[in-house]
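The values are calculated or read from the model by the stated rules, or taken from the named source; none is laboratory data. Here the structure is a predicted model, which is why all the values come from computation and not from measurement. A quick note on method: Cβ atoms are made from the backbone with ideal geometry, for glycine too, and the neighbour counts reach across all protein chains shown. Keep in mind that these areas ignore ligands, DNA and RNA; they rest on the heavy atoms of the full protein, side chains included. Shrake-Rupley method; radii C 1.70, N 1.55, O 1.52, S 1.80 Å.
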Amino acid sequence: LALASGALTAPALGQSADLPGLIITPESYVDGDWKSYAVVNGTATAAYAAAAPSAKVHATSEVVTFFIQAVAGDMKHGRITVASNDTHACTAAVQGPAMRKPEIGKQARRLFVKLNCLATKPTHARITVTMPVFTAAAASKEVTWAFTKKCAGDAAVPGFDITLGAFLDNGDSGRGSGATVLHNGKTMPAYEPEKPAARIPYDTTDLHMYVAMANESDIPEHAFLKPTATAADSFLRVLLSGPAAKGGMASARPQPLVFKFDCSGSGLTRVTVSVPLPDHPEGLKFGFLKECRAGRIPGFDITLSAYEPGVRGTYAVKNGEATSAYRLPKGADKPLAVVREAQFKTSFYLQMSTFNSLEFEPPVVKSSGSFCIVSTSGDAATGGWVDDISSQLIINFNCVDSGTATVSVHVPVQVQDELLNASFAFRKECRWTSTPGFDVTLGVYIKAERGTYAVRNGAATSAFSLWDPKAVVRPQQYSSIFYLQMSTGDEQEFDWPTVESSESFCKVTLMGPAAKGGKAQPAGGKPLALIAKYNCVKSGTATVTITIPLGPWNEAAFSFQKVCEVGEIPGFDVTLGAWVPGDRASYAVQNGGPTEAYDPAEHVAIIRAGTPSYTFYLMNTGDSTLTVDQPVVQVANPAVTVNVSGDALVPGPLDQQARSLVLDFRCAERAKTDVIVHLRVSITTVAFGFRKDCKPLTVEHREADTPHQVRREAERINNQENAGNAMGNILFGAFLGASGFALYSNCFGGPRAGGYVRAKTAE
């Protein structure tokens with residue numbers, strides 16, 4: 001470049017020096033030849049004139065690079081923009097290092113103009129770049145240059161692109177970090193469906209592609225249907241996932257299309273992908289090659305619980321070989337996979353990725369440390385056959401000391417005439433506990449199933465944590481049974497357990513053989529039951545903590561949540577005749593709500609035909625003042641009538657002194673009926689119900705009106721039929737004396753007793 005006093009001179013071009021020293025060149029130019037420059041001294045050259053540029057970009061070029069520099073003076077630029085005079089033919093975008101820093105210096109910075117031809121027939125578009133420039137000596141000046149972009153018109157689906165990987169623009173090179181598979185609906189040469197050159201290596205188990213419309217496209221979206229992927233050989237299964245796997249609407253926001261490869265054999269195969277489009281019957285197609293390598297037992301896999309087909313990170317064994325994280329230890333090397341100390345069991349799943357089945361023997365599980373005792377459960381623990389439906393292998397851990405053990409698993413698999421081991425390993429972290437072997441299990445106890453333990457080796461399990469208990473006792477559960485036992489050969493003495501409730505509305509009492517202390521028996525012995533009974537007087541959730549003293553220094557404690565749901569009248573109860581406080585089985589109504597047996601909609605409770613009269617008791621065990629009004633009894637069957645008596649008929653206040661509600665049943669014929677009792681308590685109505693089975697009350701085929709008439713009729717019949725017995729009683733009484741006569745008469749010969757028995761029998 002010719003420099004004169006620090007500024008460029010271009011007399012041959014007759015250019016002004018509005019911005020002396022500012023030059024912009026294309027990627028290829030001739031030093032000193034102004035015709036090959038885009039901008040000189042801030043003014044576009046004739047080839048790049050904004051009105052009628054003669055500079056042209058070939059149809060196959062998608063990126064044009066310009067270099068911006070100032071060989072003299074201090075300059076800065078503002079926001080650089082680019083525009084196309086025909087966005088249906090071609091769109092453009094600018095990026096690169098020059099966009100990130102506004103300073104223009106002697107070190108040239110690159111500006112990339114990215115072009116996207118959307119034309120479906122040959123055409124041209126004028127692309128104009130505008131850049132405001134600021135100097136210390138003058139106000140801002142816009143620098144504008146332009147060129148013509150030639151488009152071949154070969155866009156099959158304008159704007160519709162599929163890229164490989166995370167297709168992000170690289171500001172330093174102007175090229176993408178991924179490869180384009182489809183551009184404007186046209187398949188790139190490397191992905192031709194019949195003879196693809198793109199190759200996916202064997203260790204790639206999943207591949208991400210992205211479906212999108214060009215960011216600067218004048219066509220904002222395009223519909224596409226569900227894509228399909230087919231492998232040419234049966235040893236490869238290809239699964240599609242991600243948002244684009246179901247089809248949808250392509251837009252400027254890329255949608256992931258994830259390919260998952262599941263190899264059951266070795267070889268190189270072609271994968272053909274079809275993307276149907278509603279307006280293109282033939283759709284779009286592309287392909288690639290996938291390399292597969294099978295293990296010792298093709299198709300035999302062992303996966304984790306959270307399993308994704310083809311993703312090796314979710315496999316312990318693939319095609320009979322351990323994956324990298326689960327490899328057997330060699331020398332000082334340890335497996336990468338780790339089971340944390342809070343995890344007391346882990347599950348693996350055996351399955352075939354092919355359509356055949358294999359027989360396997362019971363898996364062998366070993367621990368490198370005696371402090372970590374392992375056992376197996378699940379349907380795969382005893383061996384059997386494995387096919388495409390998975391079999392579960394559960395490995396249980398019983399840590400009796402702290403440390404990290406290596407657990408190895410060997411699954412013998414019968415492959416033709418040979419027995420091969422599919423082996424894998426992992427590390428298990430253990431933490432020391434104060435009372436090894438002391439367990440508290442739930443009522444439904446499954447040996448070694450961590451989910452059924454409240455305490456394991458003297459420590460609360462995660463669900464029964466003292467700090468954040470996840471275990472919940474539901475509102476309809478009014479008692480819980482826990483079992484105390486040892487998993488080792490030792491006995492363990494324990495003192496009286498204690499219980500605390502975080503809320504006063506939930507009262508908990510402990511019952512059962514373990515409630516007064518004792519000895520937890522060695523493994524195989526009879527466990528001791530500890531029963532927690534709940535009495536809720538208000539709705540809410542309470543945290544219940546049970547502490548079991550172990551010896552003079554230790555204790556085992558666990559917590560859980562109890563959800564209470566009481567009726568609208570806390571403290572209002574209706575009990576049966578034989579009443580056990582807090583035991584819902586002896587309540588018809590508790591806290592203003594019917595118990596399950598006396599739900600008026602279900603009628604589970606039954607009063608039998610042999611019971612002509614039944615008494616309920618109303619009471620107030622709460623702190624609030626309650627009043628009761630006369631009850632109303634509703635009978636569904638007109639063949640049954642109910643007479644109501646008792647002091648509950650008297651309206652007035654209700655306290656802890658129980659008030660009786662007597663129901664006498666009269667049956668006109670053999671019948672069954674639903675009975676609902678409505679109680680008016682303060683300003684609320686409480687109802688409970690039951691079913692009454694009954695038949696007419698008779699004595700020797702003669703009907704009696706009420707239970708009292710039954711008794712009187714029985715006495716009359718007894719007096720007539722037992723006149724001779726009375727004389728015998730007198731003679732016998734003379735021999736025994738007055739007291740003996742009274743005893744014998746009341747127990748054996750009394751007319752009231754005998755007649756009533758016969759009346760009851762007749763009934």
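Evaluate segment 606-625: report whether one residue or more is basic (Lys, Arg) and farther than 21 Å from Leu510 by Cβ. Within segment 606-625, one or more residues are basic (Lys, Arg) and farther than 21 Å from Leu510 by Cβ. Inside segment 616-642, residues that are assigned to a strand (DSSP E or B) and within 18 Å of Asp693 (Cβ to Cβ) make up a count of 7. Per this entry, Gly567 is counted among residues that are outside any strand (DSSP E or B), of a type outside the set (A, V, I, L, M), touching a strand residue (DSSP E or B) at 6+ places or on another chain (Cβ under 6 Å) and buried (at least 16 other Cβ atoms within 10 Å of the Cβ).
When segment 61-102 is filtered for residues that are touching a Leu at 6+ places or on another chain (Cβ under 6 Å), on the phi < 0 side of the Ramachandran plot and in a loop (DSSP other than H, G, I, E, B), only Glu62 remains. Within segment 382-405, the residues that satisfy the criterion of being out of contact with any Gly (no Cβ under 6 Å at 6 or more places or on another chain) and open to solvent by 20 Å² or more (accessible area, probe 1.4 Å) are Thr382, Gly384, Trp385, Asp387, Asp388, Ile389, Ser390, Val400, Asp401, Ser402, Thr404. Only residues that are over 22 Å from Pro570 (Cβ atoms) and open to solvent by 40 Å² or more (accessible area, probe 1.4 Å) were counted across segment 493-527, and they come to 13.
For segment 377-426, which residues satisfy the criterion of being part of a strand (DSSP E or B), among the hydroxyl-bearing types (Ser, Thr, Tyr) and within 25 Å of the chain's Cα centre (by Cα)?
If the condition is that a residue be part of a strand (DSSP E or B), among the hydroxyl-bearing types (Ser, Thr, Tyr) and within 25 Å of the chain's Cα centre (by Cα), then Ser377, Ser391 are the ones that fit.
Selection of segment 104-132 for residues being modelled with pLDDT of 90 or more, touching a His at 6+ places or on another chain (Cβ under 8 Å) and buried (at least 23 other Cβ atoms within 10 Å of the Cβ) yields Ile104, Met131. If you go through segment 592-615 and keep only what is assigned to a loop (DSSP other than H, G, I, E, B), open to solvent by 10 Å² or more (accessible area, probe 1.4 Å) and under 27 Å from Lys538 (Cβ atoms), you end up with Gly592, Asp599, Pro600, Ala601, Glu602, Val604, Ala605. Among what's in segment 30-60 and is within 30 Å of Lys186 (Cβ to Cβ) and in a strand (DSSP E or B), pick the residue that is nearest to the chain's Cα centre (by Cα). By that ranking, first place goes to Val57. Considering segment 350-372, the residues that are more than 32 Å from the chain's Cα centre (by Cα) and under 30 Å from Thr488 (Cα atoms) include one that is surrounded by the fewest Cβ atoms within 10 Å (Cβ to Cβ), namely Ser370. Scanning segment 259-276 for residues that are open to solvent by 10 Å² or more (accessible area, probe 1.4 Å) and within 22 Å of Ile162 (Cα to Cα) turns up Lys260, Arg270, Thr272, Ser274, Pro276. Being part of a strand (DSSP E or B) and over 23 Å from Ser408 (Cα atoms) is a property that Gly287 has. In the set (1) closer than 20 Å to Lys114 by Cβ; (2) more than 60 Å from the chain's Cα centre (by Cα); (3) open to solvent by less than 30 Å² (accessible area, probe 1.4 Å), Pro26 fails one condition alone, (2). Screening Gly577 against (1) over 22 Å from Phe464 (Cα atoms); (2) open to solvent by 40 Å² or more (accessible area, probe 1.4 Å); (3) under 35 Å from the mean Cα position of the chain (by Cα) leaves a single unmet condition, (3). For segment 191-202, a residue qualifies if it is open to solvent by 40 Å² or more (accessible area, probe 1.4 Å), at pLDDT 85 or above and either within 28 Å of Cys90 (Cα to Cα) or in a loop (DSSP other than H, G, I, E, B) (or both), and the qualifying residues are Glu192, Glu194, Lys195, Ala197, Pro201.
Take Ala179 and tell me if it is more than 30 Å from His77 (Cβ to Cβ), modelled with pLDDT of 80 or more, open to solvent by 10 Å² or more (accessible area, probe 1.4 Å) and out of contact with any Cys (no Cβ under 6 Å at 6 or more places or on another chain). Here the answer is no, as Ala179 does not meet what is asked.
Tell me whether segment 470-479 contains one or more residues that are surrounded by fewer than 18 Cβ atoms within 10 Å (Cβ to Cβ) and either under 24 Å from Pro436 (Cα atoms) or free of Cβ contacts under 8 Å to residues at least 40 places away in the same chain (or both). Yes; the residues of segment 470-479 include at least one that is surrounded by fewer than 18 Cβ atoms within 10 Å (Cβ to Cβ) and either under 24 Å from Pro436 (Cα atoms) or free of Cβ contacts under 8 Å to residues at least 40 places away in the same chain (or both).
Condition check ((1) assigned to a loop (DSSP other than H, G, I, E, B); (2) at pLDDT 90 or above; (3) closer than 30 Å to Ala155 by Cα) across all residues:
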position: Pro256; (1), (2), (3): no, yes, yes
position: Asp262; (1), (2), (3): no, no, no
position: Gly265; (1), (2), (3): yes, no, no
position: Ile302; (1), (2), (3): no, yes, no
position: Gly310; (1), (2), (3): yes, no, no
position: Gly331; (1), (2), (3): yes, no, no
position: Tyr349; (1), (2), (3): no, yes, no
